[in-house]
Structure formats: C-alpha cells, structure tokens
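The values are calculated or read from the model by the stated rules, or taken from the named source; none is laboratory data. Quick caveat, the model's predicted, so the values are computed rather than measured. Here Cβ is always computed from backbone atoms with ideal geometry, including for glycine, and neighbour counts include all displayed protein chains. All accessible areas refer to the heavy atoms of the entire protein, side chains included, with ligands and DNA or RNA removed. Shrake-Rupley method; radii C 1.70, N 1.55, O 1.52, S 1.80 Å.
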Amino acid sequence: MSTTNIVEPTVWIGCLLCYNAGRLVGHWYGITEACEVDVATVHRGSGVRWRAEGCEELWCLDLDGLPVHHEMSPADAAAWGEVYEQVGEQWPAVAAWVPGGDYVAEGDGELPALGEFEDRYRGCWE
Ligand SMILES: [Zn+2]
C-alpha cells in the first residue's frame, strides 16, 4: 500500500473577456470545485463591473497537478475533477499513466478509461 500524499489538482479559472482586454481576472480553484465556479465568483475582488462589461465566458487558463497541460473549459476541468474523485488514492497512478503515452482514453476524449486502468494497474512498488 502506497502512502503517497494526494494533492488535489487546481485550475486557474478566469474571465475570457477580461483576459482579451488585458486584465487577469480569476482565481485558483480545486478541480472538484470547477463545476461550481460562475462569472460572479471569478470576478470577486477584481473591481470589474462584470454585468456592465458583458463578461460571460470562463476558461481554465492555467492548471496544476493534472496529467495534461493545456487550457480547457471549466466543464472539461470538472470532468477531470470527477475522475479525481472517482479514483481516490489511485489518483497518482492514474495521473502517471496518462502522460506515459499508452493509456486508453474514454471515447474520443482525453479522460482516462478507468476500467482499462483497473485492468492494467498492478499496484505501487518500491
Ligand atoms: Zn470579466
């Protein structure tokens, strides 16, 4: 049994309209919170009058602790959050499997196929 510390991945969710106007408006959130983040939350503390500005589209502009390294929608981040929650303490193994190059993705997407992971995983060894 591994005693690896499991750290929840985080995403920096920001406002695209503000970003395109040269303002970095957003915050870091735990990946499992990504589905709950809304336009008002992202603008908290920014001083931007987001309703008047017409802000509406959010985007994950940075991420930390995920096995993929590209911007994504908050909905895609939330899907990763579901994987993270589903695999529990096997997260480090799943996260290592993905960039290894021969992992199996779910459907046409990039999320790991957890059934395939279970078939292949042989535990954590010294
Ligand atoms: Zn905005």
- request: Evaluate segment 69-88: report whether one residue or more is of a type in the set (A, V, I, L, M), in contact with a helix residue (DSSP H, G or I) (Cβ under 7 Å, 6 or more places away or on another chain) and within 14 Å of the ligand (Cβ to nearest atom).
  value: no
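With respect to Val25, determine if the residue is more than 12 Å from the ligand (Cβ to nearest atom), of a type in the set (Val, Ile, Thr) and touching a strand residue (DSSP E or B) at 6+ places or on another chain (Cβ under 9 Å).
Considered against the rule, which asks whether it is more than 12 Å from the ligand (Cβ to nearest atom), of a type in the set (Val, Ile, Thr) and touching a strand residue (DSSP E or B) at 6+ places or on another chain (Cβ under 9 Å), Val25 comes out as no.
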task: Determine whether segment 8-18 contains at least one residue that is open to solvent by 60 Å² or more (accessible area, probe 1.4 Å) and more than 10 Å from the ligand (Cβ to nearest atom).
output: yes
- line: Exactly one of Glu53, Glu36 is open to solvent by 80 Å² or more (accessible area, probe 1.4 Å) and within 9 Å of the ligand (Cβ to nearest atom), and that residue is Glu53
query: Can you tell me how many residues in segment 85-126 are in a helix (DSSP H, G or I) and at negative phi?
result: 22
- line: By residue number, the members of segment 81-119 that are more than 23 Å from His69 (Cβ to Cβ) and either of a type in the set (A, V, I, L, M) or open to solvent by 40 Å² or more (accessible area, probe 1.4 Å) (or both) are Glu89, Gly115, Glu118, Asp119
